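One structure is given below, encoded as structure tokens.
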Amino acid sequence: MTTPAPDTIIVGAGAAGLTLAARLAEAGEQVLVLEVGPQRSVKDMISSQIWARQLKWSGPPVEESGTHPVGHAFNAGAGTGGSAAHHYGVWLRLHPGDFSVASDHGKSLDWPISYRDVQPYYDRVQEQVGISGDSEAEIWRPPGSPYPMPPLPVFSQARVLARGFAATGRRTAPLPLAINSVPRHGRAACQYDGWCDAGCPIGALANPLVTSLPRALAAGVTIMHEAQALRILRDPNKPNRVTGVEYHHQGVPRQLMAQRVIVAAFTVQSTRLLLNSASEDRPAPGNQHDQLGRYLTTHPAGTVFGLFEQETLPHQGVSGGQLLCHDDYKDKASPGGFGSSQWMIANAIKPNDLLGYGTSRADISGKQLRPWLMKAARHLANMTLVTEDLSLPDNRITLSDSRDPAGMPLAHTHHDIADVSAQRWQQRIDEGLDIFRAAGATDVWHGPRVAMHIMGGTVMGRDDTLSVTDSFGRVHDTDNLYVSGPSLFPSSGAVNPTFTLTALAERQADHMLGLALAAAATPSPGDDPTL
Amino acid sequence: MPAGPNRREVLAAGGAALGWFLIGGSRVWATPADAASAGFSPQVLGKEQVQALASIGEALVPGATQAGLAAFVDNQLEAGSESKLMAKYVGVPVEQQTDFYRLSLDAVGLALQKNTADEVLAAMAADAVPGWNGPPASYVMFLLRADALDVVYGTQAGFAQLGIPYSAHILPEANW
Ligand SMILES: Cc1cc2nc3c(=O)[nH]c(=O)nc-3n(C[C@H](O)[C@H](O)[C@H](O)COP(=O)(O)OP(=O)(O)OC[C@H]3O[C@@H](n4cnc5c(N)ncnc54)[C@H](O)[C@@H]3O)c2cc1C
Ligand code: SF4
């Protein structure tokens, strides 16, 4: 059986890919999505930290090196919905200053667009997908329409920690979450059981299986699962055009042609696919100037823990947290390092697993363990730090000499952390410990520096000698090849990326459909005109 | 894949099972705890590796032996790319998991010949086990402790022991 040629092939059925698939198909295009992972539905979201691991990336391994490896195995997923199938729904906007780090500070890269270009798309996506939050209490929030749902409730863990923030002169606000605080658009309200890491089968959390996937399917999108894209096919006669995708399905390499190809396979795999599309006579798409794979970033992150006399009941709530503090976001150049940072406060937490409290104290075992766990189950609190990474050209995704069973070279990621970023991380962790003490913790500790989210590699930019795509994700030396996802981010900011990448995908869809939203955001009273 | 009921059929039947174990020469669909108590035959690990895992796991997380730690690890290693061991996302690629566990447990077994489990754990934590020939000992200890936490506390029974509600949206196939 031959598959008829679609208008657009999208590689990757995750957050970015399914957003674009829904938009293009709703506009009448024939869209086919190639997804390397298995077909999933919400019925696969089994409430268990052990079973949650089946949602992780189980494709070819990624070789990693550097002083702060990006942690692909933890940060990536596969199958319908991609990594986003079990993401935690913390949906924050980048701040205006995140778009001009190079101009403002001589570090990292500038984006080719400003906050004002993305704002209308943040607003649109926020209305479609639904975010719960309190835009007035969130005093640091960049301009935008108010959240369409009230914030999620605050439980005892968050109330205890808020005391520490107040005592140290810091402010908190409800964490904005793409999780229903009330039933909305046919999706249920959250039950505050903290199983988000295992996926939210009731549809309270805006994972693609309950947001963009139903729209895409209703509009006639075809998704081919267990189909691994191997190479982008180039037109031999027209150097600027791609003609389709070579992919591996049911043990056989195949080819599929289309008018347009969108690579949305998440940062490392998107870059790997482009790199593997070089030929003897032509560099890989977007790599005319040796920029492909560069400026790989990840958020240096960490968790602070503490025990309290007061009951905190940390199993209540959602995995992403309950409160937010952005007091340290705006001033990237403040003393002590470089970069913005945020706290996601009072994450719902389980006893086991990498992010559980049991694993946070490797020093407690044997007879001491059960009494300690029993105490922690009712009296532990925790919060998560996210800091900004610097975009550095030598932090790079390349191809390895080893190959996967389909014959495709593995990806290699090299990521070193800049001294100023490492210093900022340590500074904030030390402050976090102080906040816990101020909240009355009897014992405080913190986890290691870890890598959260993966960005860069196919960065967008105005100058095609210093970037891979334009601001719409169109690969510079091509007319009809696009990239979507966080690999486009020229700088990382210090907020979770999925709201931004979804807003960018909406902007890309408008561009592809000739609907470019010409109107930049209308300034609202109180906007900082210099933003 | 051995013939037998599929996962959904087991769930529909209300079974609290996890995987296939070789017990008394037959493949049986059972929880690791039941497999352990019925004397399962490991499919990936050697008998001595299983013994080392049980001893060190029990010293790390009391209750791990009864909860079936060795059966759990062996079964997940057999599952290959479907493995649900935490090692999967802390830098031990699934292709290398079996070798990682075999090497680690051989080193643990050797250390246990001369020392008590508690002494071995203290030395592992400090990466100071004399003659250790395996992946970094403190890393191995972290992962084995995490596996033991999984089987003892990452389950409905484990949550109940800690007095916290499990509140599943979809119940896992095993109590844990
Ligand atoms: C535990 C966890 C919690 C998170 N929480 C948050 C959060 O609270 N807020 C937030 O903003 N972000 C969060 N994230 C990050 C978020 O999941 C990602 O930023 C987002 O999913 C990236 O979207 P994407 O479309 O680029 O990639 P994905 O959603 O990962 O989709 C990419 C898809 O491409 C497929 N693919 C890869 N290679 C190929 C190939 N060669 N051929 C075919 N298909 C391929 C993959 O299998 C995958 O399905 C979290 C991530 C994890 C792991
Ligand atoms: S806590 Fe809420 S969002 Fe998370 S899995 Fe449960 S119902 Fe879903």
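The values are calculated or read from the model by the stated rules, or taken from the named source; none is laboratory data. Treat the numbers as computed from the prediction; the structure is a model and nothing was measured. A quick note on method: Cβ atoms are made from the backbone with ideal geometry, for glycine too, and the neighbour counts reach across all protein chains shown. With ligands, DNA and RNA removed, areas are computed over all heavy atoms of the protein, side chains included. Shrake-Rupley method; radii C 1.70, N 1.55, O 1.52, S 1.80 Å.
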How long are the three semi-axes of the equivalent ellipsoid of the stretch A:202-278, in whole Å, if each is the root of 5 times an eigenvalue of the C-alpha gyration tensor, listed from largest down? 27, 14, 14
Top positive-direction residue, dipole computed over the stretch A:8-520 with Cβ charges, set A:Gly447, A:Gly461, A:Ser402: A:Gly447
In Å², what does the accessible area per residue of the stretch A:8-520 work out to with a 1.4 Å probe? 32 Å²
Need one word for the stretch A:277-366: rounded, prolate or oblate. Basis is the Cα gyration tensor (sqrt eigenvalues a ≥ b ≥ c); a/c below 1.5 gives rounded, then a/b vs b/c decides. prolate
Which percent of the accessible heavy-atom area of the stretch A:8-520 goes to carbon and sulfur, probe 1.4 angstrom? 51 percent
Before we go on, tell me the buried accessible area for the A/B pair, both chains summed, 1.4 Å probe, in Å² to the nearest 100. 3800 Å²
Among B:Ser81, A:Ser132, A:Ser108, what's the order by accessible area (1.4 angstrom probe), most exposed first? B:Ser81, A:Ser108, A:Ser132
Report, in debye and to the nearest 20, how large the dipole of the protein assembly as shown comes out about its Cα centre when Lys and Arg carry +1 and Asp and Glu carry -1 on their Cβ. 1040 debye
Within 10 Å, Cβ to Cβ, of A:Trp51, how many net charges do the neighbouring residues add up to if Lys/Arg are +1 and Asp/Glu are -1? 0
Need one value for B:144-150: mean number of C-beta atoms belonging to other chains within 10 Å of its residues' C-beta atoms. 6
Unit charges at the beta carbon, dipole of the stretch A:1-160: most positive-side option, A:Leu32, A:Gln49, A:Ala78: A:Gln49
At 1.4 Å probe size, put A:Asp464, A:Asp477 in order of accessible surface, largest to smallest. A:Asp464, A:Asp477
At q = 0.06, 0.10 Å⁻¹, the log10 of I(q)/I(0) for the protein assembly as shown from a Debye sum over equal Cα scatterers comes to -0.33, -0.97
Computed accessible area, A:Ile345, all protein chains, 1.4 angstrom probe, square angstrom: 0 Å²
Accessible area (Å², 1.4 Å probe, nearest 10) - B:Leu171: 90 Å²
So which of A:Lys350/B:Lys47; A:Lys350/A:Lys375; A:Lys56/A:Lys332; A:Lys56/B:Lys84; A:Lys375/B:Lys84 end up more than 21 Å apart, counting from Cα to Cα? A:Lys350/B:Lys47; A:Lys56/A:Lys332; A:Lys375/B:Lys84
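What does the C-alpha gyration tensor say about the overall shape of the stretch A:416-520? Classify as rounded when a/c is under 1.5, otherwise prolate if a/b is larger than b/c, or oblate.
Values: a/c = 3.78, a/b = 2.35, b/c = 1.61.
Cα axes put the stretch A:416-520 in the prolate bin.
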Please tell me the relative contact order of the stretch A:121-246 in percent, rounded to the nearest whole number, where contacts are Cα pairs under 8 Å and at least six residues apart. 19 percent
Among A:347-353, B:67-73, A:394-400, what's the highest-first ranking by average C-beta atoms within 10 angstrom per residue? B:67-73, A:347-353, A:394-400
Using C-alpha positions alone, give me the convex hull volume of the stretch A:357-426 per residue in cubic angstrom. 198 Å³
Is the C-alpha gyration tensor of the stretch A:293-419 telling us rounded, prolate or oblate? Criteria: a/c under 1.5 is rounded; beyond that, a/b larger than b/c is prolate, otherwise oblate. oblate
For the stretch A:227-264 and the stretch A:472-489, distance of Cα centres in Å: 15 Å
Solvent-accessible area of B:Asp106, probe 1.4 Å, all protein chains present, reported in Å² to the nearest ten, please. 80 Å²
Computed, not fitted: 222 nm per-residue ellipticity of chain A from DSSP H runs ≥ 4 (each -39500 (n - 2.57)), nearest 500, equal to -6500 deg cm²/dmol
With a sphere of radius 10 Å drawn around the Cβ of A:Gly220, what net charge do the other residues whose Cβ falls strictly inside it have (Lys, Arg +1; Asp, Glu -1)? -2
Note on the stretch A:408-494: contact order normalised by length, alpha-carbon pairs under 8 Å, 6 or more apart, percent, works out to 20 percent
